[in-house]
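Everything below concerns the one structure shown next.
No value in this document is a laboratory result; all are computed from the given coordinates. Here the structure is a predicted model, which means the values were calculated and not measured. Here the Cβ positions follow ideal geometry from the backbone for every residue, glycine too, while neighbour counts run over all protein chains shown.
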Amino acid sequence: MSLLLPYEKMWDMPLGGTSDEKQVPHWAGNLIWGFLAFVFKICFRYRVDNRESIRGFWHKSGVVVVANHTSFLDVAFMYIVTRPKQWLRFMGRESLFDNAHGLVGQILSRVGAFPVKRDAADRTSIKRAARMLKNDEIVGILPEGTRRGKGTKTPEIHSGAAFVAKMGHAPILPMTVRNAENVKRKGERFRFPKITIEYGDPVLVGDFDFLPKEDRLDGCTWYAMRECFALSLNVPRDEVDMVALFPGGKDFTAVFAEHPVPRHTTAEVVADIEAKAAAKAAKAAKGAEPSAEHEAKPADEVRA
């Protein structure tokens, strides 16, 4: 029956995470992952650095993974390196799902992807992503939207990643796929360079509350993207020239130099999440306990 499952239904089904609901069938995703991981390992000899940053969230919390977009292979590598323990729920542009009479949509949906409308406030997709995060799933977003260098459009950062993270009460995890842009340069043949995927440290949306309300989501996403480019260029974050990378966007360099954003590790973030969950559970349990006066009443009645 899973062979005939309409792919639109899979967008609202869990894939991994901690939900007890019926999940997207895993067999197709496992086959695709196994094939891609095998081929990519041979062709690109890829390695993953700081993998513990993503592994630490497994069954502990949802997380929004963001990356700079330099190659058509970025998404494939983002997907491959989260497996086999975790699944990536990638937020892709809506038009992709209609290609090849829906065949692409069927494949993408079976590996966990779901669509988002470009240049529009897609509330349905945002709520869907937030629900995934609350189910301790991983949501993948490319804040630049379009691949860098494709067409003549000026690169820009969209703040949807921070908004989704805020709605889903989840951290943001920067990452990069280093050297992927050299696989296919314009006018050149395919190359097979060695690829390095590297995760950074988590970024918390709440750390940007010092900014004016209208700048918080933009500032948070800008900061996370600067982390991605620092990983990509293998330089300190302060050396990333965000003005050159995004000439038409707002620059927060001076703001964050004056007000440094706290640094966190995945272990620290997870420990804080677990502590808050334990405190919430204890408060709920205490509220459910009968009061001492209520407990004493039956005893008084017995003595009477």
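Worth a mention:
- Positive minus negative residues near Thr221 (Lys, Arg vs Asp, Glu; Cβ under 12 Å): -1
- Helix-only arithmetic for the chain: the sum of -39500 (n - 2.57) across DSSP H runs with n ≥ 4, divided by the residue total, places the mean residue ellipticity at 222 nm at -12500 deg cm²/dmol.
- Cα-based Kirkwood hydrodynamic radius, the chain, one decimal, Å: 20.9
- The stretch 139-251: Lys pairs at Cα distance under 28 angstrom, eight or more positions apart or on different chains: 12
- Relative contact order (%) - the chain, alpha-carbon pairs under 8 angstrom, separation at least six: 21
- In degrees, nearest ten, helix 26-44 long axis to first principal axis of the chain (Cα): 40
- Protection proxy ranking, highest mean first, for peptides 172-178, 217-223: 172-178, 217-223, where packing is the per-residue count of other beta-carbon atoms within 10 Å, averaged.
- Burial order of peptide ranges 17-23, 49-55, 246-252, 59-65 (average beta-carbon count within 10 Å, highest first): 59-65, 49-55, 246-252, 17-23
- Linear extension gain, Lys286 paired with Cys43, 0.36 nm per residue minus alpha-carbon span: 81.7 nm
- Taking the longest Cα principal axis of the chain as reference, the axis of helix 292-303 is set at about 30 degrees.
- Radius 12 Å from Cβ of Ile138, net charge of other residues (Lys, Arg +1; Asp, Glu -1): +3
- Note, ³J(HN,Hα) from phi for the stretch 168-180, Karplus 6.51, -1.76, 1.60, rounded to Hz, x at Gly and Pro: x, 6, 10, x, 10, 10, x, 8, 8, 10, 6, 5, 5
- Given charges at beta-carbon only (K, R positive; D, E negative), |dipole| of the chain in Debye: 1340
- Helix axis angle, 123-134 relative to the chain longest principal axis, alpha carbon, degrees: 60
- Dipole of the chain [Lys/Arg +1, Asp/Glu -1 at C-beta], most positive-end residue of Thr154, Ala130, Tyr7: Tyr7
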